[in-house]
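Heads up, the thing below is written out as structure tokens.
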Amino acid sequence: MSQSIDNIETGYTLFKQDEYQDMMAKKRELFEEGHSSEKVKEVFEWTTTEEYKELNFARKQLTINPAKACQPLGSVLCALGFENTLPYVHGSQGCVAYFRTYFNRHFKEPVACVSDSMTEDAAVFGGQKNMFDGLQNALALYKPDAIAVSTTCMAEVIGDDLNAFIGNAKKEGYIPEDLPTPFTHTPSFVGSHVTGWDGMFEGMARYFTLKDMDNKTVGSNGKINIVPGFETYLGNYRVIHRMMQEMDVDYSLLCDPSEVLDTPADGEYRMYSGGTPLDEVRDAPNAITTILLQPDQLVKTKKFVEGTWKQEVPKLEIPMGLDYTDSFLMTVSELTGKPISPSLEKERGRFVDMMTDSHTWLHGKSFSIYGDPDYLLGLTKFLQELGCEVKHILCNNGNKRWSKKMAALCAQEPGTENAEVHFGKDLWHFRSLVLTDKPDFMIGNSYAKFIQADTKAKGDEFEVPLIRLGFPIFDRHHLHRNTTLGYEGGMTMLTTLVNAVLEKLDADSMDLGKTDFGFDLVR
Ligand code: SF4
């Protein structure tokens, strides 16, 4: 009974004990003044209906679980991808605690990011004093080569000017004049984490190249630049390096946090590790061109690359699945004159072989999916290649332009031509979609586990299993180390998808003497 020193139980098993069950039942009965369980069930059932869906979609003034994170979180991830660079957020301490815990929970790693902890007085008088002290302390304590500054809503609402504040901090000697301090304003009442990533990248590019464009010539260093965008699969950074190295291409991956977010446990704490050298950013305008791996999300970056670096950004999509990876590699080959390596040709062949092997299980399976704009375009394309059907595609941080592009893509294949595309909608909308138009599976981040629970609560026949692909994934370990881009990423995603189908089939055919005529050893 209860907790004992000889047998310490986790909360899950502990609270199953009668003592706790009785206590919780009494608490509900005596203090919570809740509705009867019949009433709760009745309302729950109503929230699963078409009638409720229509009311839900008429909702205007409230967002419930938005399926996006805020701008500075994206800026922090971008800053982490540069060598010895400290992400610094001008604004409230609580916001920064949220960014760090979000990343800690996803990457299972400590994440270095400082805040200048603005409080009420700064909200009234402005945050310049916080910034002076914050920059000085951050440099003294953490000794970065660069401090990359973004903002929280509080600093934006009162209109703090980063350019002026950082300039004043240098003028008044809080930090040296020559300390690199790229910055971006990241008001989170607009945009999302992908906007913040884009803003910080443009801030880095601006800081390190804008004033030094006179001695730059497009193509003079013979390299191509590759900009990943908001990318949380560490394998994706690694697969880009591998593919470029196998093709013997000279390249710069502009932003790579794959080391600092995956440091070994060898007794040494690394606050900084890996990352793109700042000199590579300085040299970036000399490259042949810059390839954007998430082009729909890198609006400011594209404008800067084309307008200031004078490079022509190739029209490509995220290199996910077969076709988009082919286009990426062929473009790299055309730009650099390097042939696609035999190793990658072989890898492609293996990938096609895997797609063929699994085709019978995936063909015709239906999915409802949500996530970020470019990822959803890549995923939909890949699902088309696998012969899958897509019912609903929801992108909170998409826009009209994205939605048109997605609709055009869906129209190309019979399995997706009836797909409904939703942008600006949240996970409570997604719940209604899944409950009223049941797909075989949904694909999303960890938050959809609650939607799976609701589908199951409606009845076993309504349950929609969640396949975890995206960000954040808090409730499964190490998936962030996977790869989703290139042929290698396609193999990983295919394995995930087909095995989810087979797991479900096993679960549905496991009842002895009832359904086990389909419980086969070989699939
Ligand atoms: S939305 Fe604004 S207030 Fe909320 S965590 Fe992000 S920056 Fe802070």
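FYI, it's all coordinate maths here, none of it is from the lab. From a predicted model like this one, the values you see are computed outputs, not experimental measurements. Every residue, glycine among them, receives a Cβ derived from its backbone with ideal geometry; neighbour counts consider all protein chains shown.
In table form, for the structure just shown:
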item: Those lysines that a straight Cα-Cα span of less than 24 Å connects to K60, excepting residues fewer than 8 apart in one chain; result: K68, K391, K400, K404, K425
item: Amide H partners (placed H, <5 Å) of E420, local residues excluded; result: H392, I393
item: Pairwise centroid distance, computed over Cα atoms, of segment 246-296 with segment 155-211, Å; result: 21 Å
item: Segment 271-284 - phi-based ³J(HN,Hα) in whole Hz, Karplus 6.51/-1.76/1.60, Gly and Pro as x; result: 6, 10, 7, x, x, 6, x, 4, 5, 5, 5, 4, 8, 4
item: Inter-site label distance for D475 and N7 at 7 Å from Cα along Cβ, in nm; result: 2.8 nm
item: Spin-label pair F31/V157, simplified geometry with 7 Å Cα→Cβ offset, distance in nm; result: 3.2 nm
item: Flagged links, alpha-carbon separation over 32 Å, of K27/K108; K108/K170; K16/K449; K129/K216; result: K27/K108; K108/K170; K129/K216
item: Alpha-carbon centroids, segment 404-467 and segment 85-146: separation in whole Å; result: 37 Å
item: Packing-based exposure ordering (other Cβ within 10 Å, fewest first) of W197, W361; result: W361, W197
item: Built amide H within the under 5 Å cut-off of T151, gap 5+; result: H90, T186
item: Backbone HN-Hα couplings from phi across segment 214-229 [Karplus 6.51/-1.76/1.60, Hz, Gly and Pro as x]; result: 4, 9, 10, 9, 4, x, 5, 9, x, 9, 10, 8, 10, 10, x, x
item: Per-residue [θ]222 nm for the chain (sum of -39500 (n - 2.57) over DSSP H runs n ≥ 4, rounded to 500); result: -14500 deg cm²/dmol
item: Set of lysines near K346 by C-alpha distance (under 24 Å), chain-local residues within fewer than 8 positions excluded; result: K338, K381
item: Qualifying aspartates and glutamates (Cα of each under 12 Å from Cα of K303; at least 8 residues distant if same chain); result: D198, E202, E312
